[in-house]
Amino acid sequence: MTKLFISDLHLNPARPELTALACHFLQQQADTVSDVFILGDIFNTWLGDDLVPDEFADFIETLRSLTQAGVKLYLMVGNRDFMLGKRFADSVNATLIQDGYQLELAGQPALLLHGDSLCIDDVGYQRYRRVVNNRFLQWCFLKLPARFRQKISDKIKQQSQQKKQYKSSQIMDVNQAEVEKVMLENNVKLLIHGHTHRPAIHQVSLTNNSDAYRIVLGDWEDKVSYLLVDDQQLTLHDHRLNYQQQSLRFF
């Protein structure tokens, strides 16, 4: 059966057209795919499962309709929606998966990540990542009133935008040595992630001389970006790629 992978939708209450695009696309998949994996940054901001914006009601209903139709739905948090939790996943009958989830795709061992853990050259960001993923701090954050959570979130995003102005694109991309290290440690031939907003299929040279590939999912702006994997091949669809797609055939 065909599996669908997407990432970095960055849904925002201020952009209803993007939510409508996501709903329309996913509604079309109900009869064509068996599994849907969303690898983080579904939402541009998520203040907690107890504070779901009304503007996302149609999207949530679309996810619920997918699972009711028999599609298996898997959700991973990203760096923007790291407060997304099991309560939300349960509400749409989805499985919440962790960074580093492993599965088999087309007979190949594969690893799923959001992707930010691979950007180790950005030392400041990795320090921030450790802080915001601290379970105790997350618990404290959820105890705050909504207005304080929003203020903290706005401040974090503002500081992030300011810092990005002074960072090179290379620093914000993955570290190749880290990619190879993670793939070897997990004994996988395929690594699928988002986060960097640079859709592509990269061949990876591992020290054990095995054929390996890193597939980067694209972000959504005003067009869809997605990966389809069946029993024989993997196809990445994105308008920024040559011929709109890249394929990798296994058999």
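Derivation of every value follows stated rules applied to the coordinates shown; laboratory data play no part. Quick caveat, the model's predicted, so the values are computed rather than measured. A quick note on method: Cβ atoms are made from the backbone with ideal geometry, for glycine too, and the neighbour counts reach across all protein chains shown.
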So, by mean Cβ neighbours within 10 angstrom, what's the order for 110-116, 93-99 with the highest one leading? 110-116, 93-99
For the chain, the helices passing both cut-offs (Cα extent along own axis of 30 Å or more, Kyte-Doolittle mean at least 1.0, full DSSP H runs) are none
The chain: calculated mean residue ellipticity at 222 nm from DSSP helix runs of at least 4, using -39500 (n - 2.57): -10000 deg cm²/dmol
Can you check what the net charge comes to around residue 83, using other residues whose Cβ is under 13 Å from the Cβ of residue 83 (Lys, Arg +1; Asp, Glu -1)? +2
With a 10 Å radius around each residue's Cβ, average the other Cβ atoms per peptide and rank 34-43, 201-210, highest first. 34-43, 201-210
Using Cβ counts within 10 Å as a stand-in for footprinting exposure, how do 183, 172, 1 rank, fewest first? 1, 172, 183
For Cα pairs less than 8 Å apart in space and 6+ apart in sequence, what is the mean separation divided by the residue count of the chain, i.e. the relative contact order in percent? 22 percent
Distance cut-off 28 Å, Cα to Cα: go down the list 3/223; 157/189; 86/157; 151/223; 72/223 and report the pairs above it. 157/189; 151/223
To check you understand DSSP bridge types, tell me what percent of the beta bridges within the chain (both residues inside) are antiparallel, rounded to 5. 55 percent
